[in-house]
Amino acid sequence: MSLNADFATEIEGKIVQASKLLPGQPAIDFEMLDVEGNVKHLADFKGKVIYIDLWATWCGPCIQESPAFEALGKKYVGKDIVFLPVSTDTTTKPWLRYLDGHKKELTQYHSNDVALKESWAIMYIPRFILIDKDFNIVNAYAPRPSSEEIGTLIDSVLNKEGHHHHHH
């Protein structure tokens, strides 16, 4: 009996966790560092659309998506959207070494925040997350930057007025 009960509890936990990542749920804040070692928070970017690229230096498929992510950053320059490349490498060493050899336009971040693994359920990468101006989840499993549908999705979120623009 107890085995089933434990299993049920685990499943229930996963369902609760998954429901927190549904569209419209508040985005879960996490901590990251920039290349200078300054601490930033996801919530610092509230008020803009946020598109996150979770990657690592050892992840081939992640590296393949990187030029497309950079290109989107260029395409939407001056718009109300921020592109956050966040390395999930175990330490900052390989990340900083990689950045030394690869010129990036976008500001680069690194995070080992446990909130990524636990709250955002990052079990595999590449993983992309799209958040609206009100800091609510649009898609916790967003399309890749190289996909057809990401541009359409970003445009629709950018054109949706955030609540903070309305003065009642």
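Just so you know, all these numbers are worked out from the coordinates, no wet-lab data involved. No experiment lies behind these values; they were computed from the predicted model shown. Backbone-built Cβ (ideal geometry, glycine too); neighbour counts: all protein chains shown.
Quick notes on this structure:
- Peptides ranked, highest mean first, by Cβ atoms within 10 Å: ranges 41-50, 18-27: 41-50, 18-27
- Each other residue within a Cβ distance under 14 Å of K160 adds +1 if Lys or Arg and -1 if Asp or Glu, for a net charge of -2.
- Taking only the Cα atoms of region 1-146, the ratio Rg/Rh comes out at 1.01, with Rh defined as the Kirkwood radius.
- Charge sum, other residues only, whose C-beta stays under 13 Å from A18's C-beta, Lys/Arg counted +1 and Asp/Glu -1: -1
- When the alpha carbon gyration tensor of region 57-114 is reduced to an equivalent ellipsoid, the three semi-axes, largest first, read 21, 13, 11 Å.
- Straight Cα distances below 24 angstrom link K160 to the lysines K20, K46, K48, K74, K75, K79, K133, with same-chain residues fewer than 8 positions distant left out.
- The chain, relative contact order [Cα under 8 Å, separation at least 6], %: 29 percent
- ³J(HN,Hα) computed for each position of region 24-31 - Karplus, 6.51 cos²θ - 1.76 cosθ + 1.60, integer Hz, glycine/proline x: x, 6, x, 5, 9, 5, 8, 9
- Of all beta bridges that DSSP places with both ends in the chain, some 60 percent have antiparallel geometry.
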